[in-house]
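Below you'll find the structure, written out as structure tokens, and then a few comments.
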Amino acid sequence: MNKNTRNINQFQDGVKDALPTVFGFLSIGAAFGIIAASEGFTIWQIFLLSAVLYAGSAQFIIIGMLLADSSITSIVSMVFLVNFRMFLQSLAVANFFDKQSLVSKILMGSLVTDESFGIFSLNSVTKKSISINWMHGLNIASWITWWLSSIVFALFGKSIANPQNFGLDFALIAMFAGLWILTTISFIKDPHENNRNAILAIFMTVIVLLVSMMVFSKVISVLFASILGSLFISLLKKESYNDN
């Protein structure tokens, strides 16, 4: 097998590993496109938010704050606070694959999401084969799905007067909660783990959720608790595999 064929195969493996989250991106991207279009945003504005900003929860926040006539400074500050974790995740992934060009690192770091970082973390701790091209396949598949679904469903958004009535504004929360549930289930079923660690992971997530609700809104609290809970589970899995 020559180098080009191997690179293509690794990229395709990354795309395949992204499939579980791609279906989630379809639903969340659809929800964003419909909500944004129903509130008067143009297709180009929705495309730029999804393809260039590519910030998931922050995009929903931007839509809400713009409609509430919030200042640009407050919008930028809120997006920075909500998405600061992505800076750390992007650095971790880019530095893990140290033997790559600067352009490749920028591309990789720019397209990392909570979901792709979760798959990356799980595969790295379980010692599955991962590579630079695999990570690009994982990221690019998710990115294309996100902005494409946003645009396609935005075309239907203008005909829906109140998308909140269909629960579309809850889609992002449901996705993160679902990812946490799936991560926890896989953790419990892992033969390397014990019930004590599983209970500890669940307890930690609940505590983070309750504390967050004292400071943030319920939406941000669920997102925050789901993300930290999943990262905590990944750390516990890493310790277990290191011990074994």
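The values are calculated or read from the model by the stated rules, or taken from the named source; none is laboratory data. As the structure is a prediction and not an experimental result, all values here were calculated from the model. Using ideal geometry, Cβ is built from the backbone for each residue, glycine included, and neighbour counts are taken over all protein chains shown. Note: areas computed on protein heavy atoms with side chains; ligands, DNA, RNA excluded. Shrake-Rupley method; radii C 1.70, N 1.55, O 1.52, S 1.80 Å.
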Problem - Protein accessible area in the stretch 3-173, 1.4 Å probe - carbon and sulfur % - result: 69
Practice task
Any chance you could run the full-extension gain for Val211 through Asn9? It's 0.36 nm times the residue separation minus the Cα-Cα distance, nm to one decimal.
Solution key: 68.3 nm
Exercise for the section: Using only the alpha carbons of the stretch 75-154, determine the length spanned along each of the three principal axes and report them from longest to shortest in whole angstroms. Expected result: 38, 29, 26
Exercise for the section: Using only the Cα atoms of the stretch 3-173, construct the convex hull and provide its projected area averaged over every direction, in square nanometres to one decimal. Expected result: 10.7
Handout entry: Accessible surface, the stretch 1-50, averaged per residue in Å² (probe 1.4 Å)
Key = 54
Exercise for the section: Kindly identify the stretch 28-125 as rounded, prolate or oblate by the Cα gyration tensor criterion: order the square roots of the eigenvalues as a ≥ b ≥ c, call it rounded if a/c is under 1.5, otherwise compare a/b with b/c, prolate if a/b is larger, else oblate. Expected result: prolate
Completion exercise
Here FRET efficiency (C-beta to C-beta, Lys16 to Phe87, R₀ 30 Å, nearest 0.05) is 0.60
Practice task
For Met204 and Val152, calculate 0.36 nm times their separation in residues minus their Cα-Cα distance, and state this gained length in nm to one decimal.
Solution key: 14.9 nm
